[in-house]
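As structure tokens, the structure follows; a few thoughts come after it.
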Amino acid sequence: MRNVAICGSKIKNSISNYNSVETIEMNGISVFCGLIHTGDIHFDRNAPENRFSVLVKKRAFSCNYRDKNFIFKMTTKGSDNSFYVVCSDFVGEVIDIGSEVTEVQIGDRVINNNAYPESGVKGILPGIPTNNASKEYQVFHQVKLTKVPQEMPDEVAAAFSIGAQTTYSMIRKLNVTKGSNVLVTAAKSNTSLFAINALRKHSVNIHATTTSMRFEEELRAMGVKEVILIERSPNSLLENQALKKIVSGIGGFDCVLDPFFDLYLGQVVNLMATGGRYITCGLYDQYFDLIGQKIPSLHLNCSRLMSSVMLNNLQIIGNCIGQTDDLKNAIQDYVSGNLNVVVDSVFSGKQIGAFFHRTYNAQDRFGKVVYKYD
């Protein structure tokens, strides 16, 4: 069984079943990564504990921002002679099923269902079903899987689940209406790319901020009305003349979708219309403490923040992934042509280092990076 893994520095001395191990740099830290072979999984479809279980063979997978935490944990705290299998989005083929499985059949292609805050089955944990999505074979409860249609190719399916389920939940909670003025921050991030594509069917005015105009043409083709270049500074939004002009003209943004509250929350509340709604799915300091680097300042003044929220009747909404229906609605929109998925590139074979480098280091990356087992 193949696994894409983050490895200890001495892994070559302790394991013989590897295809390749190489070193890349991430945030100035040397990271060892490779393709590791482990023993096959035994699956007894008649075992009582496997009644509702599904054996899946992975076809392709991708990393998310959250995976960086696991990468750096292994790199800084793991044993030199061990490895950690990574990734959290996948598409796979159903190889076998338990005796009482009804939701999927052998041969179906499936992706992860990350339903939260409830999985849908008592006793089965909600949320992302695996942090080890590159394991070639893995067993899941049927509720943690969703079938994907023939129209969705593997490279899209492998990049779909977490981004789609999260952004469809966020848009649902924002309750956007036709003609709303929506601000999406960090336009090039994967979450924002999903959101921009998903917002298009709602006939809203999408404005997006970015620290680089490299992909202005692509963003406009996706339906963004205004692409606003901002600086990498604590008051980058409040001091931006283009944003000031837009806010003056529309009276403030009705909705803000922001993956990075630590960068923008303290500013965008001053750019919102009365009764506006702000939503974020971000976490603060997911890995900086692990690698001994300075934690970015929040630049938040809680007194000023809450004064703006109260005086303008704003809503600040948190979001963690989404419900099963959010994922199913996203799949249906993809099939009907109402949702595009931006895939930057696809890797395979021994291209492990290139896969991680493109995912986390490439400044010209635009969309998800996928690895496919050949």
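The values are calculated or read from the model by the stated rules, or taken from the named source; none is laboratory data. Predicted, not measured: the structure shown is a model, and the values here were computed from it. When we count neighbours, we look across all protein chains shown, and the Cβ atoms used for this are built from the backbone with ideal geometry, even at glycine. Protein only, heavy atoms only, side chains kept; ligands, DNA and RNA dropped before computing areas. Shrake-Rupley method; radii C 1.70, N 1.55, O 1.52, S 1.80 Å.
Take the conditions exposed (fewer than 15 other Cβ atoms within 10 Å of the Cβ), touching a Leu at 6+ places or on another chain (Cβ under 9 Å) and either aromatic (Phe, Trp, Tyr) or not in a strand (DSSP E or B) (or both) and apply them to Thr102. Does it pass?
In short, no.
Which residue pairs have Cβ atoms under 6 Å apart, sit 6 or more places apart or on different chains, and have a first residue in region 136-164 that is within 16 Å of Ser62 (Cα to Cα) and open to solvent by less than 30 Å² (accessible area, probe 1.4 Å) and a second that is in a strand (DSSP E or B) and polar (S, T, N, Q)?
Sorted first by the residue in region 136-164, then by its partner, the pairs are Ala158/Ser62; Ala159/Ser62; Ser161/Asn112.
Scan region 55-73 residue by residue and report those that are of a type in the set (Ser, Thr, Tyr) and touching a strand residue (DSSP E or B) at 6+ places or on another chain (Cβ under 7 Å).
Ser62
How about region 38-54: which of its residues are more than 22 Å from Ile111 (Cα to Cα) and in contact with a strand residue (DSSP E or B) (Cβ under 7 Å, 6 or more places away or on another chain)?
Thr38 - this is the single residue of region 38-54 that is more than 22 Å from Ile111 (Cα to Cα) and in contact with a strand residue (DSSP E or B) (Cβ under 7 Å, 6 or more places away or on another chain).
Is it the case, given these coordinates, that Gly98 is among the small types (Gly, Ala, Ser) and more than 16 Å from Gln165 (Cβ to Cβ)?
So Gly98 passes the test.
Sort out which residues of region 346-374 are crowded, with 20+ Cβ neighbours inside 10 Å and in contact with a Phe, Trp or Tyr (Cβ under 6 Å, 6 or more places away or on another chain), and write them in order of number.
Hits for region 346-374 are Phe347, Phe355, Tyr371.
Going residue by residue through region 86-102, is there one that turns out to be within 13 Å of the chain's Cα centre (by Cα) and at positive phi? If you could, list the steps in order and put the result at the bottom.
Of region 86-102, the ones within 13 Å of the chain's Cα centre (by Cα) are 87-90.
If we keep only those that are at positive phi too, we end up with 87.
Looking for residues that are within 13 Å of the chain's Cα centre (by Cα) and at positive phi, one finds at least one in region 86-102, hence yes.
Just the residues that are buried (at least 17 other Cβ atoms within 10 Å of the Cβ), part of a loop (DSSP other than H, G, I, E, B) and of a type in the set (A, V, I, L, M, F, W, C), please, taken from region 300-340.
Scanning region 300-340 gives Leu314, Ile321, Leu339.
How many of the residues making up region 132-149 are touching a Ser or Thr at 6+ places or on another chain (Cβ under 6 Å) and either aromatic (Phe, Trp, Tyr) or in a loop (DSSP other than H, G, I, E, B) (or both)?
Counting residues in region 132-149 that are touching a Ser or Thr at 6+ places or on another chain (Cβ under 6 Å) and either aromatic (Phe, Trp, Tyr) or in a loop (DSSP other than H, G, I, E, B) (or both) gives 1.
Which residue is farthest from Thr324 (Cα to Cα), if the candidates are limited to region 105-118 and must be assigned to a strand (DSSP E or B) and more than 13 Å from the chain's Cα centre (by Cα)?
Arg109
If you scan region 200-216, which residues turn out to be β-branched (Val, Ile, Thr), within 21 Å of the chain's Cα centre (by Cα) and crowded, with 21+ Cβ neighbours inside 10 Å?
Ile206, Thr209, Thr210
Give region 348-359 a look and list any residue that's within 18 Å of the chain's Cα centre (by Cα) and more than 27 Å from Asp326 (Cα to Cα), or say none.
Step one: filter region 348-359 for residues within 18 Å of the chain's Cα centre (by Cα), giving 355-359.
Matches in region 348-359: Phe355, Phe356, His357, Arg358.
If you check every pair at least six apart or on different chains, which have Cβ atoms under 8 Å apart with a residue in region 315-328 that is under 16 Å from Asp258 (Cβ atoms) first and a residue that is open to solvent by 50 Å² or more (accessible area, probe 1.4 Å) second?
Matching pairs, first to second residue: Ile317/Lys173; Asn319/Lys173; Cys320/Tyr116; Cys320/Pro117.
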